[in-house]
Amino acid sequence: MTDLDQRIASVLRERAEGETNTHRLLRESRALGRRRQLRRRAATGTALALVGVLGFVGVGGTDLGGLSGRLPWGAATPAAPAAVPPRADGVPGAARRPDLVGSDPQVLHLGVDTGKARYLRWSTNVSAQIESVRFSVGAGHPVRVEVARSAERFTDLGIEDFPLQAAPGRLTFDGAVRQVAGTANGLVKAWQPAPGLYARASMLGGGGAALDRAVAAVRWDEARRCGGPLRLRTVPEGATVSGCSVDATSYPGSLSVQLTVVRQPSQVMWVQLVYGEQISGGRAESNRTVGGRPAFLYPAGTKLELLGIPKAHLTADLGPEWTDGYLKDKPKFTEADMTTVLTGAQVAKDLTDPETWK
């Protein structure tokens, strides 16, 4: 099951006895597309840079030995900084307080040993009461670890990034590594890190020993702030933040943060910060003012962008206007609500330096 399919299924389960939020379904689809586009662009930029180096070698008549120590794989340059969610000081980790897992959309009650692993993505979902971290250990395959305070939370829950036909089956939380049906090399491990805590780790590629080694890098005794470089200090009256997701797979080349604001049953707002080295300049014209700063309200009236953040877009988005269907006359967030959220939005000074995210 892909990321999008999993999210659609999650929304449908959440609204099984209520109203299906089609705004959220469409917005999650668009957000996923943007994240994939950022990753493709970052990968393309790396490839073109390498082509440029090799092209220089060909034209200049210098063999590869002549550039020893200067090619990307031989250069003694500092490693790119890793994206690390800031610590949530004073908050206990999942092992100590499993009852807190999935209760606060802005806190991850687990982390990874940054001396061994590199954060790729992380998220919280209060509706599903699940927190997750995707990371890599050395040159190994990426591993995704999800944690909940109930085994039932994993029932029929697909695995992100796995093929559609993948079927994890009913989990036995005994710590054994198992092959996932419908995949050639998909592995899953379910276990209880502590009483009252249930975890699932999944990996495409590699072997059981590699998955076990990766899982050993998880830290259950710490808590991290999910939003990374983005915080919301104000939300509309009666609204709450219900979810957080950060994609740092191509960091520091690109980064995306999405916070979901809800006021049930039909009011949903997605606040998204998208950073990319390929974003040059920014929108010049403004037609609104938010907290004394220039902003732009898109023609449809459902998306407001706060301007002036270098190489980044910060937006509050309500999704498309619906002219028919059951959402037509339902209450929804307004431009004033988007203004409230963006007025209180706090963005780190340097999106490429996690030390400033604190």
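The values are calculated or read from the model by the stated rules, or taken from the named source; none is laboratory data. Predicted model only: the values in this text are computed from it and were never measured. Counting neighbours? That spans all protein chains shown, and the Cβs are built from the backbone with ideal geometry, glycine included. In case anyone asks, the SASA skips ligands and DNA or RNA and just uses the protein heavy atoms, side chains included. Shrake-Rupley method; radii C 1.70, N 1.55, O 1.52, S 1.80 Å.
Details
- Restricting attention to segment 144-164 and to residues that are among the acidic types (D, E) and in a loop (DSSP other than H, G, I, E, B), the residue that is least open to solvent (accessible area, probe 1.4 Å) turns out to be E160.
- Any hit, segment 128-143, residues being at pLDDT 95 or above, surrounded by fewer than 21 Cβ atoms within 10 Å (Cβ to Cβ) and more than 24 Å from G206 (Cα to Cα): yes
- Number of residues in segment 243-297 that are out of contact with any helix residue (DSSP H, G or I) (no Cβ under 6 Å at 6 or more places or on another chain), farther than 19 Å from V107 by Cβ and not in a loop (DSSP other than H, G, I, E, B) equals 14.
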